[in-house]
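Chemist: Starting off with a structure, shown below.
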Amino acid sequence: EDQVTQSPEALRLQEGESSSLNCSYTVSGLRGLFWYRQDPGKGPEFLFTLYSAGEEKEKERLKATLTKKESFLHITAPKPEDSATYLCAVLPGGYQKVTFGIGTKLQVIP
Amino acid sequence: DVKVTQSSRYLVKRTGEKVFLECVQDMDHENMFWYRQDPGLGLRLIYFSYDVKMKEKGDIPEGYSVSREKKERFSLILESASTNQTSMYLCASSLTVGSYGYTFGSGTRLTVV
C-alpha cells in the first residue's frame, strides 16, 4: 500500500529563519511526487512535480528535492506570507491514483 | 489559468437529505476527482472520472455517487446525508494523470445537521 508521511506536523519559524519540510514515501515505482500549498479555507495550489531521484525544482523562496525515499521542501528566508499548509503527494507507477500526505502546517512569525 | 469552480462555498443540510455538489472546469481536462478533507486524515479520494460517463471508485465511495454527463462537469451526490459526511469537499481536474498535478477548486464546506 502506498504511504506518504510528512514531518513535522507543524512548524513555527521566525521571519528569515530557513528550514526544511520532509515527505517520506513508500510507493511501487514512483511516477511523480507533487508539492502543494494550501491556505486556510481554500483548495490546494500546485507548486512542483518531481519525477526522479536527484531532481530539484525552485520557485521563489521554495526549493524541492527528491531522493529514492523522501522529498524535502526547503524554505529559504521565509516571510509571513509563506504561512500555509504544505502537502506532499505521490503517483505510483502503473496506477492512476495519487496518495496525499496529511501536510505540514507552517507558521512564519514577523 | 485553469479554473475549477465549485458551486457553493458553504452548505448546511439536514440528515437524510439528498445533496448535490457541482464542479465545473474550463480547460477541457480529461480527468476529474472528488476528495474530502478532514483534520488529521488529510485528503481522501471519493470518486474519479477519466472520461464522460465514466467513473471509478476511490478509497471512500460509500454513501456517495457521481455523475459526469459532460466533460467539464463532475457532480458528487450524497444519497442520504449523514452527520459523518460533514467535511470539506474538494474537486480537482488534470490534463493527464501525473503530468502537472491537479488543479483544485476552492472547496465546499458541508455541514450536515
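Chemist: Name the single residue that is nearest to A:Gln6 (Cα to Cα) among those in the stretch B:29-71 being assigned to a strand (DSSP E or B) and aromatic (Phe, Trp, Tyr).
Modeler: Taking the stretch B:29-71 and keeping what is assigned to a strand (DSSP E or B), we get B:31-38, B:42-49, B:56-57, B:64-70.
Subset that is aromatic (Phe, Trp, Tyr): B:33-35, B:47-48, B:64.
Details: B:Phe33: 23, B:Trp34: 22, B:Tyr35: 19, B:Tyr47: 24, B:Phe48: 25, B:Tyr64: 29 Å.
Filtering first and then ranking leaves B:Tyr35.
Chemist: Need a quick list: strands (runs of 3 or more DSSP E) entirely within chain A having at least 1 residues that are within 11 Å of chain B (Cβ to nearest Cβ).
Modeler: On the way: elements: A:3-7, A:10-14, A:19-26, A:30-38, A:45-50, A:56-59, A:62-66, A:70-75, A:84-92, A:104-109.
It comes to A:3-7, A:30-38, A:45-50, A:84-92, A:104-109.
Chemist: Could you tell me whether the stretch A:52-67 includes any residue that is β-branched (Val, Ile, Thr), open to solvent by less than 40 Å² (accessible area, probe 1.4 Å) and closer than 28 Å to B:Cys23 by Cβ?
Modeler: For the stretch A:52-67, residues β-branched (Val, Ile, Thr), open to solvent by less than 40 Å² (accessible area, probe 1.4 Å) and closer than 28 Å to B:Cys23 by Cβ: absent.
Chemist: Taking B:Glu30 as the residue in question, decide whether it is within 14 Å of chain A (Cβ to nearest Cβ) and touching a residue at least 12 places away in the same chain (Cβ under 8 Å).
Modeler: yes
Chemist: Assess whether B:Gln25 counts as being under 26 Å from A:Glu45 (Cβ atoms), open to solvent by 20 Å² or more (accessible area, probe 1.4 Å), touching a strand residue (DSSP E or B) at 6+ places or on another chain (Cβ under 7 Å) and among the polar types (S, T, N, Q).
Modeler: No.
Chemist: Taking A:Ile109 as the residue in question, decide whether it is at pLDDT 95 or above, under 29 Å from B:Met32 (Cβ atoms), of a type in the set (A, V, I, L, M) and open to solvent by 10 Å² or more (accessible area, probe 1.4 Å).
Modeler: Working: at pLDDT 95 or above: yes; under 29 Å from B:Met32 (Cβ atoms): no; of a type in the set (A, V, I, L, M): yes; open to solvent by 10 Å² or more (accessible area, probe 1.4 Å): yes.
Judged against the criteria, A:Ile109 is not a match.
Chemist: Consider only pairs whose beta carbons are under 8 Å apart and that are at least six residues apart or on different chains; among these, list those whose first residue lies in the stretch A:43-72 and is more than 29 Å from B:Lys3 (Cβ to Cβ) and whose second residue is of a type in the set (Lys, Arg).
Modeler: Pairs that qualify, where the first residue is more than 29 Å from B:Lys3 (Cβ to Cβ) and the partner is of a type in the set (Lys, Arg), are A:Ala53/A:Lys68; A:Glu56/A:Lys63.
Chemist: Next question, about the same structure. Quick check on the stretch A:86-96. Is at least one of its residues aromatic (Phe, Trp, Tyr), more than 16 Å from B:Gly101 (Cα to Cα) and open to solvent by 30 Å² or more (accessible area, probe 1.4 Å)?
Modeler: No; the residues of the stretch A:86-96 include none that is aromatic (Phe, Trp, Tyr), more than 16 Å from B:Gly101 (Cα to Cα) and open to solvent by 30 Å² or more (accessible area, probe 1.4 Å).
Chemist: Give me the residue from the stretch B:54-113 that is among the aliphatic types (A, V, I, L, M) and more than 14 Å from every other protein chain (Cβ to nearest Cβ) and, out of that set, most open to solvent (accessible area, probe 1.4 Å).
Modeler: B:Val113
The values are calculated or read from the model by the stated rules, or taken from the named source; none is laboratory data. No experiment lies behind these values; they were computed from the predicted model shown. Here the Cβ is made from the backbone with ideal geometry for all residues, glycine too, and neighbour counts use every protein chain on show. Keep in mind that these areas ignore ligands, DNA and RNA; they rest on the heavy atoms of the full protein, side chains included. Shrake-Rupley method; radii C 1.70, N 1.55, O 1.52, S 1.80 Å.
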